[in-house]
Structure formats: C-alpha cells, structure tokens
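Before any comments, here is the structure.
The values are calculated or read from the model by the stated rules, or taken from the named source; none is laboratory data. All of these numbers come straight from a predicted model, not from anything done at the bench. Cβ sites come from the backbone with ideal geometry, for glycine too, and all protein chains shown count toward neighbours.
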Amino acid sequence: MTTGLVNSWVDVPLVELWHPVQYLGGFGRQPQLRESLEPGSFYLGCGIGFSVLQVEGTDNVLSGSEEICDFTWNLGAGVNYALTDTVDLSFGYRYVGIGKQKIDLCNVAVPDGDVKFDPHVHELRVQIHVEVYSFLNPWR
C-alpha cells in the first residue's frame with residue numbers, strides 16, 4: 001500500500017493542559033509537577049490524501065486482483081516528551097481509513113462474483129527523534 005497524506009497537527013504543552021485541572025481542583029502551586037510536565041506535549045492531528053492498494057482476493061472458487069486508487073483519511077493523537085535539548089520520545093496512535101473496496105472475480109466456468117472488504121490501519125507508534133542539525137530560521 002502506498003499513501004500520500006496532507007496532515008495538520010496541533011501540539012499543546014502538557015503544562016497548559018494541567019492549568020485548568022490545577023485551578024478547578026484547587027491543587028495550588030506545585031512546582032515539582034510543573035517542572036516534570038514542562039518538557040511534554042500532547043498532539044492531535046488529522047489528514048486527507050490518497051492511497052494506492054494492490055489487492056488479490058478469492059472466494060476459494062474465483063480469484064481476482066486489482067490496483068485500487070482511492071481517497072484516504074487519518075486521525076492521530078499522542079504524547080511527546082523532550083528527554084534533552086536534542087532528543088525527544090514520542091508515543092502515539094494513528095487510524096488510517098481507506099474506504100470500502102470491491103474486487104471483481106471472474107472465472108469462465110462459474111458466474112461472476114465479487115469480494116467486498118473495508119481495509120483500515122491502526123498504528124501504535126513509538127518514536128525517538130534526534131536533532132542532528134538545526135537550520136537557521138530566516139523568520140526569527
């Protein structure tokens with residue numbers, strides 16, 4: 001399967017998510033908790049695109065294969081945590097929906113049929129990001 005997606009992600013610092021809980025719960029100032037939450041962030045995102053899927057199907061009598069190009073979408077969420085200035089650790093989940101598909105089956109001796117299926121992908125991701133070089137930003 002080949003996919004091409006355009007994604008948009010929102011990254012919210014964990015400290016900012018803690019502020020309403022701290023205020024509404026009446027927890028007061030907790031500098032050690034704040035210090036441990038500062039390097040972390042929660043991310044949420046979605047995207048749309050296309051997928052090219054090479055599939056083969058059979059019903060044990062008929063068989064067929066097709067290359068399908070179709071609309072694809074995804075949703076994801078996760079947590080990033082900065083271990084150092086140049087190393088981040090990330091845990092996340094992403095769902096990729098490919099849409100309902102159908103393969104037409106054909107055989108000379110048996111009437112035509114088809115196989116219908118709904119492919120989708122569930123991803124659990126663990127990522128270590130190491131910044132090797134930081135490019136200068138001309139807009140800063």
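Computed values, structure above
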{"quantity": "Residue check, Leu75 surrounded by 10 or more Cβ atoms within 10 Å (Cβ to Cβ), at pLDDT 90 or above, under 30 Å from Glu38 (Cα atoms) and in contact with a Cys (Cβ under 8 Å, 6 or more places away or on another chain)", "calculated": "yes"}
{"quantity": "Search result, residues across segment 82-103 that are assigned to a strand (DSSP E or B) and either modelled with pLDDT under 70 or of a type in the set (Gly, Ala, Ser) (or both)", "calculated": "Ala82, Ser90, Gly92, Gly97"}
{"quantity": "Top-ranked residue of segment 11-30 - restricted to ones that are β-branched (Val, Ile, Thr) and at pLDDT below 90, ranked as nearest to Ile68 (Cα to Cα)", "calculated": "Val15"}
{"quantity": "Which listed residue, of Leu33, Leu44, Leu37, Leu62, is out of contact with any helix residue (DSSP H, G or I) (no Cβ under 9 Å at 6 or more places or on another chain), modelled with pLDDT under 90 and farther than 15 Å from Val121 by Cα", "calculated": "Leu62"}
{"quantity": "Of residues in segment 6-35 being assigned to a strand (DSSP E or B) and of a type outside the set (A, V, I, L, M), the one surrounded by the fewest Cβ atoms within 10 Å (Cβ to Cβ)", "calculated": "Ser8"}
{"quantity": "Cross-chain or 6+ apart pairs with Cβ under 7 Å, segment 81-92 first and over 14 Å from Val126 (Cβ atoms), then outside any loop (DSSP other than H, G, I, E, B)", "calculated": "Ala82/Asp88; Thr86/Val130"}
